[in-house]
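The structure appears right after this line, and notes come after that.
The values are calculated or read from the model by the stated rules, or taken from the named source; none is laboratory data. Not measured: the values here are computed from a predicted model. As a convention, Cβ positions derive from the backbone with ideal geometry for all residues, glycine included, and neighbour counts pool all protein chains shown.
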Amino acid sequence: MHHSFVAKKQQEQRADEGRKAVFRIPTTAYLAIGLLTVCVTPIALGEIGGFQWLYVFPLALLVFVARTRTVATREGLHVRTVFGQRDLPWSSLKGLAITNKARVRAVLGDDTQVSLPTVRTRHLPVLALVSEGKIQDPSGVLSDEELTGQKPPAETAPDAAAEPAPESAPEPAEPEPSADAERTGGGNGKPAE
């Protein structure tokens, strides 16, 4: 009984924290680092001494891959690089800038730009979703209801349609929710639950 209470409390805490997205270098990079280490080994440990320092390269790459990331939460962005980290609350951002290589930078209130490691333009809808609408999604993939976390009208429409049903009995209540779902994009072709 105690375990279920703790699990339920943890679930509620996660729900209060909102959505979270972590952008990092793919884990397949560790395979490339392993391959580099294998390639460096014959030279580093070969007959000619003094080349053990070559292991610095795979080690530096390992630290780079393990540390570099951008974490987006309801509060803002947490940017972590090899040599430091920085918190950027959504309120401190003026917007986002896109470089010519499809990379994304945060533009602060004083127009300074902060690079967001591993974040690309394809991640903009995710940032908009996690920020709950504080950052706009220029692609238009997400509806306003999905951004703010509120229930779409398609789910609340059956309750609203149930009240006027006695007055207007000849009209069926089913076409209204499906038409509303198509109009807002909140239904996604699935019946409301």
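Among what's in the stretch 40-80 and is polar (S, T, N, Q) and within 18 Å of the chain's Cα centre (by Cα), pick the residue that is nearest to residue 103 (Cα to Cα).
Restricting to residues being polar (S, T, N, Q) and within 18 Å of the chain's Cα centre (by Cα), the top hit is 70.
Here are some residues: 70, 81. Which one is at pLDDT 90 or above, of a type in the set (S, T, N, Q) and under 19 Å from residue 124 (Cβ atoms)?
After applying the criteria, what remains is 70.
Would a scan of the stretch 89-112 turn up a residue that is part of a loop (DSSP other than H, G, I, E, B), exposed (fewer than 15 other Cβ atoms within 10 Å of the Cβ) and hydrophobic (A, V, I, L, M, F, W, C)?
Yes, because at least one residue in the stretch 89-112 is part of a loop (DSSP other than H, G, I, E, B), exposed (fewer than 15 other Cβ atoms within 10 Å of the Cβ) and hydrophobic (A, V, I, L, M, F, W, C).
Looking at this structure, is residue 65 touching a strand residue (DSSP E or B) at 6+ places or on another chain (Cβ under 6 Å) and under 26 Å from residue 131 (Cα atoms)?
no
Give the stretch 20-31 a look and list any residue that's touching a residue at least 12 places away in the same chain (Cβ under 8 Å) and over 17 Å from the mean Cα position of the chain (by Cα), or say none.
Residues satisfying the conditions are 29, 30.
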